[in-house]
Amino acid sequence: MCGIIGYVGNKKASNILINGLLALEYRGYDSAGIATLENNEIKIMKDKGRVRNILDLDGYKELQGTYGIAHTRWATHGKPSKENSHPHMDNSNTFTVVHNGIIENYNELRSFLTDNGYTFYSQTDTEVIPNLIHYYFKKIDQEDTDYNNKTNSFENKTNVGNENNYKDKVLEAVVKATNDLKGSYAIEVISPLIPDTIIVARKDSPLVIGTKSDENYVASDIPALLTYTKDFYLLDDNEFAIITNDSISFYNKDLEKYTKEIKNIEWDASSAEKNGYDDFMLKEIFEQPNSVRETIGSRLKLNEACNFDDLEITSEYLKSINKIFIVACGTAMHAGLVGKVLLEKLCKIPVEVDIASEFRYRDPIIDDKTLCIYVSQSGETADTIAALKLAKSKCAKTLAISNVIGSSITREADYTIYTHAGPEIAVASTKAYTSQVVLFAILAIHFSELLGYDNTDITINPDGKTIKLYDIKKDILELPKKISMILEDTSLIKKFADEAYTQKDMFFLGRGVDQTVALEGSLKLKEISYIHSEAYASGELKHGPIALIENGIHVISILTDPSLAKKSISNIQEVITRGAKTMVITNQDLENTNFDYIYKIPETNPLISPILSVIPLQLLAYYISKNKGLDVDKPRNLAKSVTVE
Ligand code: AGP
């Protein structure tokens with residue numbers, strides 16, 4: 001989705017703005033632009049296409065301004081074009097704005113402004129914002145007793161001095177303009193009236209301010225600024241800030257000034273770089289032994305109760321609830337499907353998993369006896385945040401699982417626990433998924449301990465096999481080593497990818513928890529290789545989809561639960577009989593089979609096997625995408641952080 005960068009300091013702003021936009025490229029975009037101010041004049045360079053195109057625009061090299069704003073646009077209202085690219089200006093060229101989010105009532109506001117003499121030059125929803133600011137600024141300024149003395153200066157766009165007075169007025173105009181906006185926004189505003197200053201505002205769209213002595217930065221996410229600073233202010237909804245090189249002042253909607261706490265973000269700048277890998281996705285796949293290890297952290301030790309000091313959920317509360325919802329989107333929702341299996345098995349509480357965009361509009365049955373868990377790598381997914389707010393309004397307790405410290409979802413939820421996967425840059429989520437699943441496993445053990453099941457025999461599969469929490473703890477602690485073992489030799493996956501990349505359709509099959517991994521494998525393949533694929537519960541195939549199986553189609557089956565192995569093998573035979581080429585990802589010793597490929601992964605408890613079985617599927621999608629010569633990290637039409645619904 002769209003990205004925002006801002007800089008106020010003493011260095012040439014254009015370089016910093018471009019570098020910031022390049023760091024945000026992974027979010028997905030189709031146009032880019034920057035604005036700086038020098039000699040009381042705003043200079044805008046923007047166009048559709050890549051950020052680097054800006055470097056070739058006339059006048060770019062001459063830009064000398066030491067502050068400015070910048071934007072990458074992911075088209076929503078109006079096609080990608082120069083006119084629709086940000087920054088946008090008001091009709092008098094006094095206010096320049098970049099905006100992330102969607103203004104839902106922009107048609108209404110456009111009519112209102114048109115009736116008041118304003119003209120629009122783009123098809124965007126954003127263009128109403130600078131014009132509304134101008135509309136309110138004029139009103140506020142007119143009310144000022146010495147308005148007439150200043151009017152000439154204002155309309156002539158010269159520096160009129162008395163900057164503090166203007167800062168107050170521009171801030172008031174921004175607040176009034178945002179009061180009229182319905183929808184979501186993170187905005188930056190600059191104006192010749194308030195040199196060396198950026199005003200920012202946010203509602204339901206992320207915005208952070210990175211701070212250093214003598215220079216300050218703005219961005220829509222933290223990794224974009226990690227090379228400059230680790231100290232951040234995280235703007236909340238309905239907050240405003242006036243930023244100069246050496247000051248940041250925060251205001252609420254009533255224009256009351258207050259202070260905010262700085263958050264130190266421990267992420268390493270190099271973790272947001274490729275470090276010799278061809279693509280971020282490959283790097284992130286290979287980081288999984290470490291990201292899983294970091295997420296386990298000090299929460300899980302073999303002979304101790306799990307450590308969730310940061311989570312104030314008590315055994316009394318857990319005993320009082322009768323249902324858990326897990327709500328998320330995409331890959332995070334797939335992690336939630338494994339979470340459901342873990343929580344139901346280890347805690348015996350019914351769990352429902354919902355897609356956030358459905359949950360928020362389907363009037364789910366929730367009350368104070370429901371715990372709602374929201375999973376989001378970015379913590380900024382609009383549907384997931386809205387679904388969380390809905391549950392809160394119905395008196396349920398909410399728990400966020402996120403990878404980004406201080407992200408919107410964590411600020412809305414009653415409780416938060418973090419995965420420690422480090423920044424995930426590639427659009428296709430990999431290490432976030434395995435971290436989410438391992439955190440679900442530890443959380444389920446923790447809840448189970450709180451419920452008093454420490455020494456109970458837990459039946460994990462249909463053959464009646466039982467385990468104790470101790471057994472699963474042991475298996476979790478061995479996961480990083482086992483992931484490394486899988487990553488040591490990727491040649492078989494490469495070989496299969498070399499054969500499969502010309503396919504038009506593929507199938508992913510599995511039973512039980514393996515079916516949830518099939519869904520994730522299929523999503524990965526679609527996202528980055530643009531090959532159509534279907535994921536099905538193996539037993540469901542013959543109820544319809546088997547009609548699609550024809551000679552030569554590639555079918556990938558996941559088989560990690562010994563108690564379901566025989567059933568799954570029969571289902572694989574059904575597709576082989578109809579001409580399918582098969583690859584089976586398994587931890588079982590499958591002898592005398594007629595499968596084309598068997599990809600062996602280390603054995604582990606079936607409840608946590610997705611953390612291992614998903615890795616060959618991530619690699620498969622990656623190698624197929626590479627074989628097709630596609631942009632793995634920035635697949636078409638997709639955005640890393642989906643901040644609009
Ligand atoms: C995963 O590969 C996708 N890019 C996507 O499904 C993603 O998981 C989804 O948009 C949710 O994102 P979140 O975890 O940041 O909320």
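The values are calculated or read from the model by the stated rules, or taken from the named source; none is laboratory data. All values reported here derive from a predicted model rather than from experimental measurement. We place every Cβ from the backbone using ideal geometry, glycine too, and count neighbours over all the protein chains shown. Heavy atoms of the whole protein, side chains included, go into the accessibility calculation; ligands, DNA and RNA do not. Shrake-Rupley method; radii C 1.70, N 1.55, O 1.52, S 1.80 Å.
The condition (being surrounded by fewer than 17 Cβ atoms within 10 Å (Cβ to Cβ) and either assigned to a strand (DSSP E or B) or modelled with pLDDT of 95 or more (or both)) is satisfied by just one residue among S249, S270: S249. Considering (1) in a helix (DSSP H, G or I); (2) within 16 Å of the ligand (Cβ to nearest atom); (3) buried (at least 24 other Cβ atoms within 10 Å of the Cβ), the lone condition that L343 does not fulfil carries the number (2).
Residue count for region 391-412, restricted to those that are assigned to a loop (DSSP other than H, G, I, E, B), away from the ligand (no atom under 13 Å from the Cβ) and open to solvent by 10 Å² or more (accessible area, probe 1.4 Å): 3. Determine whether L519 is under 29 Å from L638 (Cβ atoms), at pLDDT below 95 and in a helix (DSSP H, G or I). No; evaluated as a whole, the condition is false for this residue.
Are there any pairs, at least 6 apart or on different chains, whose C-beta atoms fall under 7 Å, with the first in region 325-353 and at negative phi and the second small (G, A, S) and open to solvent by 10 Å² or more (accessible area, probe 1.4 Å), and if so, which? Pairs that qualify, where the first residue is at negative phi and the partner is small (G, A, S) and open to solvent by 10 Å² or more (accessible area, probe 1.4 Å), are C329/S357; T331/S429. The criterion of at least 1 residues that are free of Cβ contacts under 8 Å to residues at least 24 places away in the same chain, farther than 20 Å from A173 by Cβ and assigned by TED's automatic domain parsing to the domain that holds A219 is met, among strands (runs of 3 or more DSSP E) falling completely within region 31-98, by 41-48. When region 202-246 is filtered for residues that are in contact (Cβ under 8 Å) with a residue 40 or more places away in the chain, over 19 Å from I16 (Cα atoms) and not in a loop (DSSP other than H, G, I, E, B), the ones remaining, listed by number, are K203, L234, F240, A241, I242. The set of residues in region 347-379 being open to solvent by less than 50 Å² (accessible area, probe 1.4 Å), more than 16 Å from the ligand (Cβ to nearest atom) and under 20 Å from V517 (Cα atoms) consists of V351 alone. Among the residues of region 555-572, those that are within 22 Å of L620 (Cβ to Cβ) and surrounded by fewer than 21 Cβ atoms within 10 Å (Cβ to Cβ) comprise A565, I569.
For S484, the requirement of being open to solvent by 10 Å² or more (accessible area, probe 1.4 Å) and at negative phi is met. Restricting the search to strands (runs of 3 or more DSSP E) fully inside region 533-639 and requiring at least 3 residues that are basic (K, R) and touching a helix residue (DSSP H, G or I) at 6+ places or on another chain (Cβ under 6 Å) gives an empty result.
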